[in-house]
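Reading through the structure tokens given below for one structure.
The values are calculated or read from the model by the stated rules, or taken from the named source; none is laboratory data. Note that this is a predicted model, so its numbers are computed, not measured. Heads up, the Cβs are rebuilt from the backbone with ideal geometry, glycines too, and the neighbour counts pull from every protein chain shown.
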Amino acid sequence: MKDAPATQQAQAAGHSQAAGGAALPHGPWEDSFRLPPQAQPLHYLLTLRPDLATGTFSGDVVISVAVTAPLPYLAVHAKNLEVLATNVTRDDDEEAHGKEGGGESSSSSGAGAEGGGVAVPLRAAFAYAPHELWVLQPQEEGGFAPARYRLSFAFRGNLTGKIVGFYRSQYWDDATKSKRAIATSKFQPTYARQAFPCFDEPSFKSRFSIRLVRPSSDGYGALSNMNVEKEVPDVPSPGQTTVYFKESVPMVTYLACFIVSDFQSSKSVTISPGGFPLTVYSRPSQVAKTEYARDIAATITQFYIEYFGIDYPLPKLDLIAIPDFVSGAMEHWGLVTFRETALLFDPRENSAINKQRVATVIGHELAHMWFGNLMTLKWWDDLWLNEGFASYIEYKGVNSMHPDWAMMDQFAVIDLNPVLILDAAVSSHPIVQKVGHPDEITELFDTISYNKGASVIRMLEGFMGEELFRRGISSFLQKFKYKNAETKDLWDVLQETMDTSVGGKSPVNITHVMDTWTRQKGFPVLTVIIDDAGNRVLTQQRFLADPDADTSNDASPYGYRWEVPITYTTSETSEIQSTWLHSEDSNVKVNTSDNVEWIKFNHRQVGYYRVNYTELEWQTFSSLLQGNVAALEAADRANLLDDAFSLADAGLLRYEIALEGTRYLRQETEYIPWHVATSKFKKLLRLLHGSLAYSDARSYVRNLVGDVQNSVKWTVAETDNHLKKLLRIKVLDLACAAGLDECLDEAGRLFTQWLSKPENKPHPDLRVLVYSYGMIKGGTEKYWDLMWQLYLKEEDASEKTKLMEGLASAREPWLLQRFIELAKDESNVRSQDFFSVLSSISSNPIGSSIVWDFVRCEWEYLVDRFTLNDRYLGRLIPVVTKSFTSQLKKEEMVAFFERYPEAGAGKTARNQALETVTNNIHWVQTHKDNIGKWLSHQVSKSIPVNMQVRSICFYKTNFAKLEFVKTESLFCLPTSYQINALFYLKTKLIFIKL
């Protein structure tokens, strides 16, 4: 819904300003997106009346405001609302809290019906749409004098056409064979203004008294941040009930939450200290799937209370799964909302991956109850204080219940490695980034704020020590509870903690160190050389995916130098040693004895940097691991793989060296190294697709993965631990992607077996593999149609996602085009899942161009449906174009951006997409031939020694005559021989098409 015309809003409010199309007045509200800090909201008395049948809502709000200095105007945020009435009163009692007004009815005909005070005449009240403001101009020339005021508004809006703000979500109830509706909300970062007029900035903390009107029957109830104070039936009208909630603690607008639903819950658990209930809600048919969420939420909450040393401050904690939810979850205080895939878990239906996602998302959101809610950022520049901390602390929370999951080591492959890729681009940005416009704010919710923020916090804990870090964080939260903070406040408290620990001034200056990581983008690569005495000498330089990229307009106040905490172990001792490479120093020397054969820097990849060794030392690591996999910890083996490939991509290491380091994988049985290997090899296959080297790459990967694929098999045992389940999924995925026959054959067999009897599903851990690779192996139109019908009928959100990925794996272009068209209909695919459909199809080598053509042709449709402010629309471009490797595709992108220059929340994403494709083109030109030669040599070496090629003769017919001796079975020639080959074997004549 677009903003209502200013003339309608002003006329509805009873003011003549701007009526009849007259120009709006000019004033200081045009100068800034920010509200004047001299007006501080203290309290909201808010009533909302959703009408689920019509998809509309109405409401009243009275905001108690303290004006601390004269102001020529007051303003609140309001967007997509029709403001029906505006009134301002000045309190006679300067101590008024803002809770005035009683009575059980909230059906007043206009705003300001409750409470007294002196009326303040207004000259005008109008919408200033460019800044999403509702502006109030007083008649008095002096403006609003310092005093307490109450701003009262009556308003209405729509619940439909969006899944942010206050909106309607629907689901099919199989028990009643009907569609049911709920009203719910999602306000972060700037969407509270779409539900009620408010001071929608994080620096404004206020108390809330909330009243929700719900249907009196049909199983409906109401939830909000606080517990229910009372319910009044038949108010405001028969058949409706007004639910009064207790006054909240001080909080920001984006944490408020209102839900009217017929949802049910599993049995609550009581958390101590405090004795408050923790309850998990879902639509009625899914309640049995809430028990794991309840149990792990209880464990994590208890852990956080002890870890932070601060009690949970609210009287209850609810978690609720929403059928339509734009984000993974949202930390509304006391009423945390989730996508169903992030909260519901059934071991009979959902995989180990699903279970871990539920655990980590819960851990993340509950961490926000302290970091983000109790302490809140002053402005969005410091978003990372919320999201970076929660993204790291979530791992500790999950670890408290599942120590056998190795969550602290998983951090590197889940959070750290992906952001190192993004942050190696010129188009990256610092963690602390100045923003103003709502589009800029929305765009800041990205991998840098979350993953890099978490990664530098992890590194900070690494050099502080776990216990000292914990004490510092606890002190920080104590100091800023119910207040706002910024990055410098955190550094100051941590510095005090470190100084206290040493009984004086710590040699580590936290602000100096951490500013180099948070206030400039990028990260360093440490280059290691060995001097004549055998000592290691380390230097630093900025790591760029393209070292030749133009950085002339890319200045940094720190000159792209960092304060680098270095950790290492050696061949002589597993004891972790440490040193610093300071930003002002040219190098640091690590003295070693003659007996040291190798030094592994960045122990367990805790540091936010890469390390490049001499070729000799890289070869030493390769030989070491081929001889003894356990010579290094799994986290360090994974780190070497990730660094080597990334350095090779950037041209800082010969690709042959990086590939040589993968040969040990035949003996690798741990999940974390295979997670990295799978990622790197799938990227390699993607970039080599269509080249002669592609087939050799697949052959090489098949050779590496064969043994571990045989060890994990397609059978999931009850005794398999969590990490083995994750390993199986990764290994089988890579084996099938590389075309391993037995892997694809088994996927195809399970696929057809399942579709012949759909109620007998594969094991949850295998389903996404069976659905995807089964579709690749033998997916016909008949099977696709059958899977589509199963998708439409499926109630489990995680299972629907797996089916979606299977549908997106079809190899017929017209089936993929049909999928896109079907997905546009919200009765088929929820709006929250539409971009996931496009992303899944674009991961299909046949589908990437199809999705790209759709995006280019239907961009106006996408913008109209989702708006440019939607960060998920903005992120679509990099996802769709990540596999492009041609100049033609890059030119198409440039032309598209020129045609549609308004990027909204996707401005940075467009730059990232162009840079990625530029780097892909450079990669193919630079590395393809060398990689092809190395792979061809490796594949040829894998030919069994009892098969000796005596001669090869090529004829004009493109056939080859080959003679073998001691031939007992066939073997696969290097698949770079893209020919029809006629093999004359000792025993018989066989035709093989390679």
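Structural remarks
- In segment 885-895, the residue that is surrounded by the fewest Cβ atoms within 10 Å (Cβ to Cβ) out of those that are more than 26 Å from the chain's Cα centre (by Cα) and hydrophobic (A, V, I, L, M, F, W, C) is Leu888.
- Gly98, sole failed condition from (1) within 26 Å of Asn225 (Cβ to Cβ); (2) buried (at least 21 other Cβ atoms within 10 Å of the Cβ); (3) modelled with pLDDT of 70 or more: (3)
- Segment 894-913, subset among the aromatic types (Phe, Trp, Tyr) and in a helix (DSSP H, G or I), residue farthest from Ile441 (Cα to Cα): Phe896
- Hey, Ser285 surrounded by fewer than 18 Cβ atoms within 10 Å (Cβ to Cβ), at pLDDT 95 or above and assigned to a helix (DSSP H, G or I) or not: yes
- Of all the criteria given as (1) at positive phi; (2) in contact with a Ser or Thr (Cβ under 6 Å, 6 or more places away or on another chain), the one not satisfied by Asn612 is (1).
- Residues (assigned to a strand (DSSP E or B) and touching a residue at least 60 places away in the same chain (Cβ under 8 Å)) located in segment 245-281: Met251, Phe258, Ile259, Val260, Ser261, Val280
- Condition check for Ala75: farther than 30 Å from Tyr220 by Cβ, outside any strand (DSSP E or B) and touching a residue at least 24 places away in the same chain (Cβ under 8 Å): no
- If you go through segment 408-428 and keep only what is buried (at least 23 other Cβ atoms within 10 Å of the Cβ) and over 17 Å from the mean Cα position of the chain (by Cα), you end up with just Ala424.
- With respect to the conditions (1) within 24 Å of Val432 (Cβ to Cβ); (2) in contact with a helix residue (DSSP H, G or I) (Cβ under 7 Å, 6 or more places away or on another chain), Ile576 falls short on a single one, namely (1).
- Of all residues in segment 432-457 being among the hydrophobic types (A, V, I, L, M, F, W, C) and within 24 Å of Val917 (Cα to Cα), the one that is nearest to the chain's Cα centre (by Cα): Phe445
- Which numbered condition Ser449 fails, given (1) under 23 Å from Phe523 (Cα atoms); (2) among the hydroxyl-bearing types (Ser, Thr, Tyr); (3) at pLDDT below 95: (3)
- Residue count, segment 580-597 (criterion: at pLDDT 95 or above, out of contact with any Ser or Thr (no Cβ under 7 Å at 6 or more places or on another chain) and either closer than 9 Å to Asn535 by Cα or exposed (fewer than 15 other Cβ atoms within 10 Å of the Cβ) (or both)): 3
- Taken over segment 43-70, the criterion of being surrounded by fewer than 20 Cβ atoms within 10 Å (Cβ to Cβ), assigned to a strand (DSSP E or B) and over 32 Å from the mean Cα position of the chain (by Cα) is satisfied by Asp51, Ser58, Ala66, Val67.
- Cβ-Cβ under 7 Å pairs, at least 6 apart or on other chains, segment 586-609 side touching a residue at least 40 places away in the same chain (Cβ under 8 Å) and more than 24 Å from Arg561 (Cβ to Cβ), far side charged (D, E, K, R) and part of a strand (DSSP E or B): Thr592/Arg536
- Residues being touching a residue at least 60 places away in the same chain (Cβ under 8 Å) and either part of a helix (DSSP H, G or I) or of a type outside the set (Gly, Ala, Ser) (or both) - total across segment 415-439: 14
- Check on Tyr450, touching a helix residue (DSSP H, G or I) at 6+ places or on another chain (Cβ under 9 Å) and under 18 Å from Thr487 (Cα atoms): yes
- Selection from segment 183-198 of residues that are part of a strand (DSSP E or B) and of a type in the set (A, V, I, L, M, F, W, C): Ala183, Cys198
Conditions tested, residue by residue: (1) closer than 23 Å to Ile322 by Cα; (2) part of a helix (DSSP H, G or I); (3) free of Cβ contacts under 8 Å to residues at least 60 places away in the same chain; (4) not charged (D, E, K, R).
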site: Asp833; (1), (2), (3), (4): yes, yes, yes, no
site: Ser849; (1), (2), (3), (4): no, yes, yes, yes
site: Arg856; (1), (2), (3), (4): no, yes, yes, no
site: Glu860; (1), (2), (3), (4): no, yes, yes, no
site: Arg865; (1), (2), (3), (4): yes, yes, yes, no
site: Tyr872; (1), (2), (3), (4): yes, yes, no, yes
site: Ile877; (1), (2), (3), (4): no, yes, yes, yes
site: Thr885; (1), (2), (3), (4): no, no, no, yes
site: Glu892; (1), (2), (3), (4): no, yes, yes, no
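- Looking only at residues in segment 149-182 that are within 28 Å of the chain's Cα centre (by Cα) and in a loop (DSSP other than H, G, I, E, B), the one that is modelled with the highest pLDDT is Leu159.
- With respect to the stated conditions, Asp594 is assigned to a loop (DSSP other than H, G, I, E, B) and either aliphatic (A, V, I, L, M) or over 19 Å from Phe645 (Cβ atoms) (or both).
- Of all residues in segment 676-713 being touching a residue at least 60 places away in the same chain (Cβ under 8 Å) and hydrophobic (A, V, I, L, M, F, W, C), the one that is farthest from Asp929 (Cα to Cα): Val676
- A single entry from Glu759, Glu742, Glu781 fulfils the requirement of being free of Cβ contacts under 8 Å to residues at least 40 places away in the same chain, of a type in the set (D, E, K, R) and under 17 Å from Ile841 (Cα atoms): Glu781.
- In segment 914-924, the condition of being touching a Phe, Trp or Tyr at 6+ places or on another chain (Cβ under 6 Å), farther than 27 Å from Leu790 by Cα, assigned to a helix (DSSP H, G or I) and without any contact (Cβ under 8 Å) to a residue 60 or more places away in the chain is met by at least one residue.
- Taking the conditions (1) touching a residue at least 24 places away in the same chain (Cβ under 8 Å); (2) out of contact with any Pro (no Cβ under 7 Å at 6 or more places or on another chain) in turn, Arg637 satisfies each one other than (2).
- Residue that is modelled with the lowest pLDDT [pool: residues in segment 303-356 that are among the hydroxyl-bearing types (Ser, Thr, Tyr) and over 17 Å from Tyr292 (Cα atoms)]: Ser327
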